[in-house]
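One structure is given here, and the rest of the page talks about it.
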Amino acid sequence: MNPMIRKELRQRMRERRGWVLPSLYLLVLTGAVALAYFFKTQDLFGFGGLSEPQGAEVGVTVFLTVAFTQLGLLLLLAPVFSAGAITIEKEQRTLAGLLTSLLTSADIWWGKFVASLLFLSLLLVSALPVLGLTFALGGVGWRELSLATLCTLVILASMCAVGLYCSSYFRRSVHATAVSYAVVIALSVLTFVVTLLATWYWQQEAGPMKTREEAPDYLGYPLLLNPFVTVAMVFVRTEEGYPTWALSLKLFAALGCLAAAFALRNLERGGEQV
Amino acid sequence: MIEIEELRKSYNGRPALDGFSLLVEEGELFGLVGPNGAGKTTLIKILSTLLPADGGRARIAGHDVAAEPRAVRPLVGYLSDVPGLYQDMRVSEFLEFFADAFRLPRGRKRPAVERALERAGLIERRSAFVEELSLGLKQRLLLAKTLLHEPRVLLLDEPATGLDPLARIDLRGQLKTLNREGVTILISSHILSDLEDICSRVALIAAGRNAADAEGRSVLTLQAVESPRVSCDIEVVGDAAAAAQAVEHFGGARLVEQAGNRLRVELTGSSERAAALLQHLVRAGIAVLRFDSRGPGLEERYREAFRGQRP
């Protein structure tokens, strides 16, 4: 076993957040299930009877709420675990010891990556029973559960790789974490805003007779890198052609590989920063 | 064992090393002194494979540090100027991690960790967290970690910084023992008395280049070699004026300082000349109370070389 992985996991599980975070995380997800179920099934505004929700509808709503909440929480946590992973070695002056040992830059990177991703995966797996509750309501099957989990995992791996790149580039954890969050926000919010603005502009140009559905495909390309859209696409079954979620996953994987390659290059030159 | 030829390294166009050369023989305990910013830390980082040089060549045990870092690392133990520790690890875990990082085979790992614990005097505290150790014990742990893989060369950058006098004495003792065991040691330090005590030779470095003392030597031999100059501290009974006059008539002697009944004289020549001066004073009827002669110390030679620059 890579000694870095053993060291990282040991240190991580010794921290208070090793047990505080999973507890809080599950509490928030449980709250999300309860709220989603409550809002979907209760007639809050006194118009009951007009559109009584079906069980499958409630199932899909609860599933998506939990999947999105989970993704949001994990996207917030990914920079915490990855962006500080290498900078902390610089801050506590231990990176020189690693770089002058027989560990390669790839060993160091891989140890940090696996440790970050394993902790996030632990949270992801611990929430599976909560997501599985929606099986009882209908509308959601093993396919959706597996694909949503797979998409979340690949997105998180990619974000961890981006966090590690920032960590290898900056000297201070605070800077690396800030830039990692900027990337998460750019992918989650900016892609959405850019698509909305581009569609609105296209509609203005095309005239009032054109609807959003008629907008050219390329306007939606930024959304391929939106984590939330990627998970939502699991519910869209395409009869022919490549599924959109799969294309998104490839893009996230490519982003992760690129970040890993640059992080390794930075680690090779890490002696400048110790 | 360590060959450095015309080594160059710049940071943003500012040279840190500017053609520094050095040869350290196998089994030497070699010191490196120079003012702040002289390039000592950069040199040691290059030798430890942490930094690439811009030019020149550095070899350890025949391996080029830039071209063969994977061959150099098992041979070298490196202790940086501000070394870090994993404070939240136990002492034994810390050593086991670095034993794994140096790829010690399973059969060698356990004995190596035990030996390191013994060397650091931490057998009793193997389960303690690193953060609980005193600064001196942490330094012992770091040195023990550096020696886990039994390197042939030790590169130490200011290892005594921040240590109390007892810990410094302890560190000097450890380094002497290691050197006797055959480990070649290159040590940079600001504490000249420490270097004078343990090193056989010291190189002078300034502005990234080889610096020289008043006699034009860039590498000073500190032990078992006669110096061409002797400094004499003389104390006489009564006024020292007559003694000062006698000194002025002694060939090769120069009166450096006179205060009360004390004189400081610098002599050109070896310790035999100092004995001759003593005889000369006694023959001149001077009542000599004390006569100490010694070659110029490292501090004195450092002052001559760097004209008061801070080490």
query: Using a 1.4 Å probe on protein heavy atoms, which residues of segment A:65-97 have at least 20 Å² less accessible area in the complex than alone?
result: A:Gln92, A:Arg93, A:Thr94, A:Ala96, A:Gly97
- request: Rank these residues by their accessible area, most exposed first, probe 1.4 Å: A:His175, B:His280.
  value: A:His175, B:His280
query: For segment B:93-183, rounded, prolate or oblate, judged on the Cα gyration tensor with a ≥ b ≥ c (square roots of eigenvalues), a/c < 1.5 rounded, else prolate if a/b > b/c?
result: oblate
- prompt: To the nearest 10 Å², what's B:His63's accessible area with a 1.4 Å probe?
  reply: 60 Å²
statement: Heavy-atom accessible area of B:Glu28, protein chains in place, probe 1.4 angstrom, given in Å² to nearest 10, is 20 Å²
task: Note down the nm distance, to one decimal, between modelled labels 7 Å out along Cα→Cβ at A:Met13 and at B:Ser21.
output: 5.7 nm
task: Return one whole number: the accessible area per residue of segment A:189-267 in Å², for a 1.4 Å probe.
output: 64 Å²
field: Simple spin-label estimate for A:His175 and A:Arg143 in nanometres, 7 Å along Cα-Cβ
entry: 4.9 nm
- line: Rounded to 0.05, the calculated FRET efficiency for the beta carbons of B:Glu68 and B:Glu272 at R₀ = 45 Å is 0.35
field: Cβ-based charge dipole, the protein assembly as shown, positive-most Cα from B:Val202, A:Leu197, A:Ala178
entry: B:Val202
field: Shielded residues, segment B:93-108 - accessible-area loss of 10 Å² or more between chain alone and all protein chains, probe 1.4 Å
entry: B:Glu93, B:Phe97, B:Phe98, B:Asp100, B:Ala101, B:Phe102, B:Arg103
message: With every protein chain left in place and a probe of 1.4 Å, what is the accessible surface of B:Asp233, to the nearest 10 Å²?
response: 30 Å²
statement: Ratio for chain B, C-alpha Rg to 2.2 N^0.38 Å, reads 1.21
field: Virtual paramagnetic centre 7 Å along Cα→Cβ of B:Arg103, amide N under 17 Å, in segment A:98-129
entry: A:98-111
query: Among B:Leu51, B:Val65, B:Leu22, whose Cα sits farthest toward the positive end of the charge dipole of segment B:1-101 (+1 at Cβ of Lys/Arg, -1 at Cβ of Asp/Glu, about the Cα centre)?
result: B:Leu51
statement: Per the 1/(1 + (r/R0)^6) rule, R0 = 51 Å and r from the Cβ atoms of B:Tyr11 and B:Glu248, FRET efficiency to 0.05 is 0.45
field: Residue among B:Leu155, B:Leu255, B:Ser127 farthest towards the positive dipole end of segment B:126-260, charges placed on Cβ
entry: B:Ser127
query: For the protein assembly as shown, what log10 I(q)/I(0) values come out of the Debye formula at q = 0.06, 0.12, 0.13 1/Å, with one point per alpha carbon and no solvent?
result: -0.49, -1.15, -1.26
query: At a 1.4 Å probe, what is the % contribution of carbon and sulfur to the accessible area of the protein assembly as shown?
result: 58 percent
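Note down the magnitude of the dipole of chain B about its Cα centre, charges +1 on Lys and Arg C-beta and -1 on Asp and Glu C-beta and zero elsewhere, to the nearest 20 debye.
640 debye
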- request: Would you calculate the separation in nanometres between label points at A:Glu91 and A:Ala186, each defined as 7 Å from the Cα along the Cα-to-beta-carbon direction?
  value: 2.3 nm
Value at 222 nm in deg cm²/dmol, rounded to 500, when DSSP H runs of n ≥ 4 in chain B each add -39,500 (n - 2.57): -10000 deg cm²/dmol
- prompt: Chains A and B: how much accessible area gets covered up at their contact, both sides added, probe 1.4 Å, in Å² to the nearest hundred?
  reply: 2400 Å²
field: 1.4 Å probe accessible area per residue over segment B:194-263, in Å²
entry: 47 Å²
Mean residue ellipticity (222 nm) of chain A, computed from DSSP H runs ≥ 4 via -39,500 (n - 2.57), nearest 500: -23000 deg cm²/dmol
Span from the segment B:43-120 Cα centroid across to the segment B:228-274 one, whole angstrom: 51 Å
query: To the nearest 0.05, how large is the calculated FRET efficiency for A:Leu196 and A:Leu258 if R₀ is 30 Å and r is the Cβ-Cβ distance?
result: 0.65
- prompt: Out of segment B:119-158, which GluC sites (Glu not before Pro) are coil in DSSP terms and have no more than 16 other C-beta atoms within 10 Å?
  reply: B:Glu124
- prompt: Quick one: helix A:173-185 against the long Cα principal axis of chain A, what's the angle to the nearest 10°, folded into 0 to 90?
  reply: 20 degrees
- request: Report, for chain B, the % of DSSP beta bridges that are antiparallel, rounded to 5.
  value: 70 percent
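By accessible area of protein heavy atoms, probe 1.4 Å, what ranking do B:Val282, A:Val162 get, highest first?
Details: B:Val282 85, A:Val162 15 Å².
The ordering from most to least exposed comes out as B:Val282, A:Val162.
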message: Using the crude model of +1 on Lys and Arg Cβ and -1 on Asp and Glu Cβ, and no other charge, please compute the dipole size for segment B:1-141 relative to its Cα centre, in debye to 20.
response: 380 debye
Rounded to the nearest 20 debye, dipole of the protein assembly as shown from Cβ charges on Lys, Arg, Asp, Glu: 620 debye
message: Tell me the angle of helix A:244-268 to the major Cα principal axis of chain A, expressed in degrees between 0 and 90 and rounded to the nearest ten.
response: 20 degrees
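The values are calculated or read from the model by the stated rules, or taken from the named source; none is laboratory data. Because the structure is a prediction, the values reported are computed rather than measured. Ideal geometry is used to build each Cβ from the backbone, glycine not excepted, and the neighbour counts take in all protein chains shown. To get the accessible areas, we keep the full protein, side chains included, count just its heavy atoms, and leave off ligands, DNA and RNA. Shrake-Rupley method; radii C 1.70, N 1.55, O 1.52, S 1.80 Å.
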